[in-house]
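Below is one structure, written out as structure tokens; the observations come after it.
The values are calculated or read from the model by the stated rules, or taken from the named source; none is laboratory data. All values derive from a computational prediction rather than experimental measurement. When we count neighbours, we look across all protein chains shown, and the Cβ atoms used for this are built from the backbone with ideal geometry, even at glycine. Accessible surface areas use protein heavy atoms only, side chains included; no ligands, DNA or RNA. Shrake-Rupley method; radii C 1.70, N 1.55, O 1.52, S 1.80 Å.
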Amino acid sequence: MTTEEAGRAFGDMPADEFRKHGHAMVEWIARFMEHSERLPVLARVAPGDILHALPESAPEAAEAFEAIIADFDRILMPGMTHWNHPGFMAYFSITASAPGVLADFVASALNQQAMLWRTSPSATELEAVVMGWLRRLIGLPDAFEGVIYDTASISSLHAIAAAREAAVPQVRTRGLAGRADVPRLRVYCSDQAHSSIEKGVILAGLGQEGLRKIPSDAEYRMRTDALRAAIAEDRASGMRPIAVVATVGTTSTTSVDPVAAIADLCEAEGLWLHVDSAYAGVAAMLPEHAHILAGADRADSLVVNPHKWLFTPFDLSAFFCRRMDVVRQAFSLVPDYLTTPDAARNLMDTGIQLGRRFRSLKLWMILRYFGAEGVRARLRYHIDLAQRFAGWVDADPDFERLAPAPFSVVCFRARPAGRERTEEELARLNEAILKRVNDSGEIFISHTVLRGRFTLRVAIGNLQTTDRHVRRAWELVREALEAESA
Ligand SMILES: *Cc1c(COP(=O)(O)O)cnc(C)c1O
């Protein structure tokens with residue numbers, strides 16, 4: 001073989017073959033998206049089923065793409081829980097919208113790695129453009145600079161690291177351990193905050209004791225009086241408060257912390273305010289919900305996840321920061337081989353990771369394809385569907401609602417009228433209802449625990465979900481209660 005022949009033999013899949021399989025895959029995806037409802041929403045496999053159906057070692061010989069796809073259909077498809085199914089109402093319901101899927105397809109082919117401006121001027125500048133669009137849509141001032149990370153967990157980690165950078169002199173060079181000049185540091189969030197905040201605090205070297213969870217009120221919102229008292233108590237005992245994380249749309253109940261009051265306190269105390277609005281932040285696009293971010297203009301940073309309720313294929317988390325210079329101070333580290341003469345922003349300077357995918361492309365295509373009006377109409381529809389569901393719960397004497405439903409998530413449980421039951425009995429009953437509903441394959445819901453009470457949780461947010469699916473979810477819940485009561 002000549003080296004020229006070797007170059008051809010050892011190259012990528014030939015273009016004609018790519019075209020053939022590519023067309024077939026597009027057809028596969030289109031059929032899947034048209035008929036996603038036909039598949040059971042929750043995977044019906046046991047742990048290990050997929051693992052044991054696949055060989056332990058990679059094949060020595062090349063395989064035909066048809067054979068690979070056949071195994072994908074036969075072995076992997078049954079092990080999928082369908083997040084893009086209209087009956088997916090667990091956790092937070094999300095959508096990989098068609099324009100987002102197409103954008104990711106192209107982004108993979110382009111393989112843009114925007115660590116430096118010159119390694120992808122378009123990905124670097126499109127990110128600034130779409131983050132500006134999103135910022136205006138949710139009503140944040142222009143003083144917030146945006147950067148895209150993979151998840152809210154990572155966005156919040158950067159916020160906590162920036163707060164530490166701002167509060168502790170020379171933390172970048174000297175670290176925290178063994179320093180007599182640095183007291184114990186404290187971050188505050190409510191007892192309803194997402195676990196990612198605690199993980200961020202652990203990773204920032206503050207330890208779990210470095211996070212103080214403030215009690216929430218009857219509607220699961222952080223109690224500002226308790227926050228004020230906790231900060232005062234910590235200062236009196238020699239600790240150094242550095243940051244508060246307020247949540248807009250908590251993970252269990254979607255409650256909204258009083259951001260404006262917390263911002264007042266943070267200003268008075270000189271603390272970094274981070275707003276975690278991973279799920280609900282996009283609702284601020286609706287004039288009737290814009291108040292949820294009141295006071296967030298005075299936050300230091302905010303995260304919102306387009307991969308949650310903005311129809312973006314996983315993953316894309318939007319991090320906005322009013323003090324991105326502090327993030328850069330914490331994370332910018334330029335080795336010799338990455339210095340450039342370009343007078344431009346380099347995305348590698350605003351975070352821990354060097355390489356990054358071309359995520360902005362999907363958000364750009366989605367915002368253009370649906371338009372702001374289209375996005376707002378869809379969010380309103382989801383909220384309306386959830387409010388109807390809440391209404392059915394409220395009207396049924398055998399059920400009770402366990403939290404307000406400000407957005408598209410409803411927390412409730414069965415509590416049959418006529419007979420008193422203990423909390424354990426109610427937990428067992430509702431767990432059994434959950435199992436029956438999820439065994440249906442039509443609807444997938446999840447649960448949480450609120451003040452010790454086992455709670456069923458229905459989340460609406462998929463673009464294919466309609467009134468029919470929400471009615472069916474309620475019907476299945478009712479039927480499950482009847483079956484359990486029989
Ligand atoms: C979902 C969620 C997160 C975590 O999101 P990831 O992007 O998966 O890290 C964090 N905070 C809140 C409030 C959430 O709802």
Residue list for segment 293-323, filter: open to solvent by 10 Å² or more (accessible area, probe 1.4 Å) and aliphatic (A, V, I, L, M): Leu293, Ala294
Within segment 104-116, identify whether any single residue is within 30 Å of Lys435 (Cα to Cα) and in contact (Cβ under 8 Å) with a residue 60 or more places away in the chain, and answer yes or no. no
In segment 413-444, the residues that are over 25 Å from the mean Cα position of the chain (by Cα) and of a type in the set (Asp, Glu): Glu420, Glu423, Glu424, Glu425, Glu431, Asp439
Residue satisfying condition, being assigned to a helix (DSSP H, G or I), under 20 Å from Phe88 (Cβ atoms), in contact with a strand residue (DSSP E or B) (Cβ under 9 Å, 6 or more places away or on another chain) and in the same structural domain as Pro406 (by TED's automatic domain parsing), within set Val477, Val458: Val477
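Where residues in segment 153-179 are among the hydroxyl-bearing types (Ser, Thr, Tyr) and surrounded by fewer than 24 Cβ atoms within 10 Å (Cβ to Cβ), which of them is farthest from the ligand (Cβ to nearest atom)?
Kept after step one, since they are among the hydroxyl-bearing types (Ser, Thr, Tyr), are these residues of segment 153-179: 153, 155-156, 173.
Of the ones still in play, those that are also surrounded by fewer than 24 Cβ atoms within 10 Å (Cβ to Cβ) are 153, 173.
Details: Ser153: 3, Thr173: 29 Å.
Ranking the qualifying residues of segment 153-179, first place goes to Thr173.
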Which of the residues belonging to segment 75-87 are in contact with a helix residue (DSSP H, G or I) (Cβ under 9 Å, 6 or more places away or on another chain) and crowded, with 17+ Cβ neighbours inside 10 Å? His82, Asn84, His85, Pro86, Gly87
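For every residue, the table says whether it meets (1) at pLDDT below 95; (2) open to solvent by 20 Å² or more (accessible area, probe 1.4 Å); (3) within 23 Å of Thr151 (Cα to Cα).
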| position | (1), (2), (3) |
| --- | --- |
| Arg356 | yes, no, yes |
| Arg388 | no, yes, no |
| Gly391 | no, yes, no |
| Glu400 | no, yes, no |
| Val410 | no, no, no |
| Ile433 | no, no, no |
| His447 | no, yes, yes |
| Leu450 | no, no, no |
| Thr455 | no, no, no |
Residues (open to solvent by less than 10 Å² (accessible area, probe 1.4 Å), of a type in the set (A, V, I, L, M, F, W, C) and either more than 15 Å from the ligand (Cβ to nearest atom) or part of a loop (DSSP other than H, G, I, E, B) (or both)) located in segment 209-243: Ile214, Leu227, Ala230, Ile231, Ile242, Ala243
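I'm checking my understanding of the structure. Among residues of segment 262-276 that are open to solvent by less than 40 Å² (accessible area, probe 1.4 Å) and outside any strand (DSSP E or B), which one is nearest to Glu219 (Cα to Cα)?
Filtering segment 262-276 down to residues open to solvent by less than 40 Å² (accessible area, probe 1.4 Å) leaves 262-263, 265-266, 271-276.
Those left that are additionally outside any strand (DSSP E or B): 262-263, 265-266, 271.
Numbers: Ile262: 17, Ala263: 20, Leu265: 21, Cys266: 22, Leu271: 25 Å.
This residue is Ile262.
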